[in-house]
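The values are calculated or read from the model by the stated rules, or taken from the named source; none is laboratory data. Since we're looking at a predicted model, the values are computed, not measured. Cβ placement follows ideal geometry from the backbone for every residue including glycine, while neighbour counts extend to all protein chains displayed. Calculation scope for accessible area: heavy atoms of the full protein, side chains included, ligands and nucleic acids excluded. Shrake-Rupley method; radii C 1.70, N 1.55, O 1.52, S 1.80 Å.
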Amino acid sequence: GTLGDMYGVRYVASDPTYYPGPFVIGSAPIAGGIEVSWEFEHFPPPVNQRSLGLAMLPESLPGPEFTDLVAHFTSSNAFAERRRILGEVGLEIKREIPDLLAVLVEPTWDSEFTLEEWSTYSDTDFFVEPNWIIHVENFGVTRLNSIPWYLSYARVPQAQSITTGSQRVRIAVLDTGLNSTDLPNSVNVLNGWNFVNNNPDTRDDHVTFNGSYHGTQMSKLISEVIPFVSLQPVKVLDSSGKGNDFLLTEGLLYAVNRHPTRENPYPVDIINMSLGIPNTIQQPQPTTLMRKRVELVARETNAIMFAASGNSPRADSQGVFYPAALTDVIAVGAVTSGGGIPYRADYSHYGPELELVAPPWPGEGTSFSTALVSGIVGLMLAEGISPWEVRSILHDTAIDLGVPGWDEHHGYGLVNAEWAV
């Protein structure tokens, strides 16, 4: 209710000898207050991963006939006062067609009327009608859903209804390179650099076990999440998928135009590192080189760094990899689903540095999860969210998994693109 609401409250003690009987007329009531809290739970689709790619028949998916409304004003004078008039009755403007004295509206969150009740509203200044959804009139056979399960699980389609990105957003993919012909035309591929061979050829030469190219696959996944974006390939891993700390340092500094000898005219906003160095007994701490480069990027730029938490045989997945384990880098792990309830994939490394988890498809591995989160943050920046707000927003909007609150297996939870954007 609103702040003006008042309620009568009866206290019922566990011992019936106290405060027995009903309310009676007597002395004036005693003023008091009640602290009220709500707990929200979110449940992902209760469908196995492999089933989420299957579409239903058209008649099994009845959609709403309208989701917003059109307000038609009866005069130019009334239209000139549209914001005041609509605001007073509880309607919010979305878009306008002034020549038609028409405004696309939706009820405010505290509206007293339902959408259906609003659809027949009228007064002296304006009347309302539904904004009907138009359907193409054809019948088709059942086919694979055009929305992959991993995008659906992270609520990417809902986020894309708000923004599909912008080529002003620049994401560096520090990986094995990029075969740009595999990307859609909406992606602007920026010139990058090959630090493995020290030349401008950033083509991807690392073929994975399933015939795809690792860096290219990460870039494709990012572009699925944010269709309009600028990607910069920075090759720091060779044809076998391996690199070293120095190559990664050079690539990271290049991405933000802090490299000592190689200028980057397109410094990026986001750095995707679907790679890592194991946090093991032999290497329990980050190298000085690693720590210094990450601190420099964090101190001198607004770039947001993401890295994979790491993959290992299923019997040993404790300890977040570097650079993900560093304070200034956001560590991303992977989830899997059993019967629709997501939980940390057993190969996904975990620990006190883990911040988020995300779906890993189209393959297993925290590499994919990291790329998906990088794409979501691209949508956030395209929508005007400040880089300084990104981290806290990702934490606050994640879907809590496992034990309540942050935990070392899931971090703050499953990334939710819609809520984040």
Pairs, please: C-beta under 8 Å, at least 6 apart or cross-chain, first residue closer than 11 Å to Leu275 by Cα and in region 234-258, second of a type in the set (Ser, Thr, Tyr) and at pLDDT 90 or above? Leu237/Thr176; Gly241/Thr176
Which residues, taken from region 385-421, are among the β-branched types (Val, Ile, Thr) and assigned to a strand (DSSP E or B)? Ile399
Test Glu96 against the criterion of being acidic (Asp, Glu), more than 19 Å from Asp110 (Cα to Cα) and modelled with pLDDT of 90 or more, and give yes or no. no
Going by the conditions given, is Val196 part of a loop (DSSP other than H, G, I, E, B) and farther than 18 Å from Ser367 by Cα? yes
Restricting attention to region 206-242, report how many residues are buried (at least 21 other Cβ atoms within 10 Å of the Cβ), more than 21 Å from the chain's Cα centre (by Cα) and assigned to a loop (DSSP other than H, G, I, E, B). 2
Filtering region 375-404 down to residues that are closer than 20 Å to Arg170 by Cβ, surrounded by fewer than 16 Cβ atoms within 10 Å (Cβ to Cβ) and not charged (D, E, K, R) yields Gly384, Ile385, Ser386, Pro387, Trp388
Region 298-331: number of residues that are under 11 Å from Pro278 (Cβ atoms) and in contact with a Lys or Arg (Cβ under 7 Å, 6 or more places away or on another chain): 0
Restricting region 352-374 to residues that are surrounded by fewer than 24 Cβ atoms within 10 Å (Cβ to Cβ) and not small (Gly, Ala, Ser), the one modelled with the lowest pLDDT turns out to be Pro362
Only one of these is over 17 Å from Asp175 (Cα atoms) and not acidic (Asp, Glu): Phe228, Phe246. Name it. Phe228
Test set (1) in a loop (DSSP other than H, G, I, E, B); (2) at pLDDT below 90 - Arg258 fails condition number: (2)
Extreme residue, nearest to Asp68 (Cα to Cα), among residues of region 94-119 that are part of a strand (DSSP E or B) and open to solvent by 40 Å² or more (accessible area, probe 1.4 Å): Glu106
Of the residues in region 176-205, those that are polar (S, T, N, Q) and open to solvent by less than 50 Å² (accessible area, probe 1.4 Å) come to Thr176, Asn179, Ser186, Asn194, Asn199, Thr202
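Which one is nearest to Ile162 (Cα to Cα) among residues in region 352-384 that are outside any strand (DSSP E or B) and acidic (Asp, Glu)?
Filtering first and then ranking leaves Glu383.
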Out of curiosity, is Asp407 over 24 Å from Val297 (Cα atoms), free of Cβ contacts under 8 Å to residues at least 12 places away in the same chain, acidic (Asp, Glu) and open to solvent by 10 Å² or more (accessible area, probe 1.4 Å)? yes
Does region 158-175 contain any residue that is buried (at least 18 other Cβ atoms within 10 Å of the Cβ) and part of a helix (DSSP H, G or I)? yes
